[in-house]
1. Would you kindly work out the equivalent ellipsoid of the range 1-153 from its C-alpha gyration tensor and give its semi-axes, the square roots of five times the eigenvalues, largest first in whole Å?
2. If R0 is 25 Å, what FRET efficiency do you get for Leu70 and Glu264 from their C-beta distance, rounded to 0.05?
3. When Lys and Arg each count +1 and Asp and Glu each count -1, what net charge do the other residues less than 13 Å away from Glu246, Cβ to Cβ, add up to?
4. Just report the Cα centroid separation between the range 111-126 and the range 15-70, whole Å.
5. Can you pull the accessible area of Arg209 for me, 1.4 Å probe, Å² to the nearest 10?
6. If every alpha-carbon in the range 43-115 counts as one equal scatterer, what log10 I(q)/I(0) does Debye give at q = 0.17, 0.23, 0.28 1/Å?
7. Given the chain, what percent of its DSSP beta bridges are antiparallel, to the nearest 5?
8. Net charge near Ser84, counting Lys/Arg +1 and Asp/Glu -1 over other residues with Cβ under 12 Å of its Cβ?
Amino acid sequence: MLVKKVVLNSRPGANNRPVPANFLLEETNLALDLQEEEVLVRTLYLSVDPYMRCRMNEDTGAEYLTPWQLCRCADGGGVGVVESSRHGTFCQGDVVTSFNWPWQSHAAVAGSLLHKVDPSLVDGHLSYFLGAVGMTGLTALLGMREKGHVTKGANQTLVVSGAAGACGSIAGQMKEGGHVILCGQISQYNKDVPYPPPLSRETQENLARGKILRERFMVLDYMNKAEAAMAELGRLVTSGQVKVLETVENGIENMGVAFCSMMEGGNLGKQIIKISD
């Protein structure tokens, strides 16, 4: 089978912005003779996310992220449909998702990397499994629940910063005794600094003076709560209580364009690439 895939063509360099030319579209033959426990999937939607900028470097700066390899297929969040299977959990027609989905139009994937999902959970909007009812939604829900310390009916000020690196400006909007939840800093990902980026002395003094706690949150630490949270997110979305915003780019050939646009703030809501129907 002839398939299209997107490989990492070059690294932008630790202090440079990525460009679409860092990625390259290739065609390759995919053998259909699956190995034991493998699943052949057809890709429906792929996701591009800020953390991927770190994977473009030889050193990601984070112990939980592996770098993409030059001339090798990139991967990330994806959703698709099973076309054939040698894994006992999956059957033809199943809708599946993975955090390690190859950027390919079709792929043979180890069944252990896939998770079966119910389309009715998102009322048939399968791209939502990459956003509001996926890792993005889990990060938002569990982040607020586990670290936000938001109390219903209390007189609290909640600030969600789109410019994730602006800790000082967030701190300046909070009352004494508040706290900052650090989860992603897209404005810093093109800079050669450790994660989380160090604070200036002035910012550190402001935090100390205001008795403001600064702590990190990573959704991967709470995956034991993911299944229940996904079901809750599905109910919130299908009932209309949570509004879903997406920016959709068509075609696997536009993966690099979509990624670079997302890094520059060109998307409204989740950036999605539609690969097939």
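1. Its equivalent ellipsoid spans semi-axes of 27, 25, 13 Å.
2. Working from the Cβ atoms, E equals 0.60.
3. +2
4. Using only Cα atoms to place each centre, the spacing works out to 21 Å.
5. Ignoring ligands and nucleic acids, Arg209 comes out at about 150 Å².
6. Results for the range 43-115 at q = 0.17, 0.23, 0.28 Å⁻¹ read -0.66, -1.02, -1.30.
7. Roughly 75 percent of the DSSP beta bridges within the chain come out antiparallel.
8. -2
The values are calculated or read from the model by the stated rules, or taken from the named source; none is laboratory data. These figures come from a predicted structure and were not determined experimentally. Cβ atoms come from the backbone with ideal geometry, glycine included; neighbour counts cover every protein chain shown. Ligands, DNA and RNA are stripped out before the accessible areas are found, and what is left, the full protein with its side chains, is counted by its heavy atoms. Shrake-Rupley method; radii C 1.70, N 1.55, O 1.52, S 1.80 Å.
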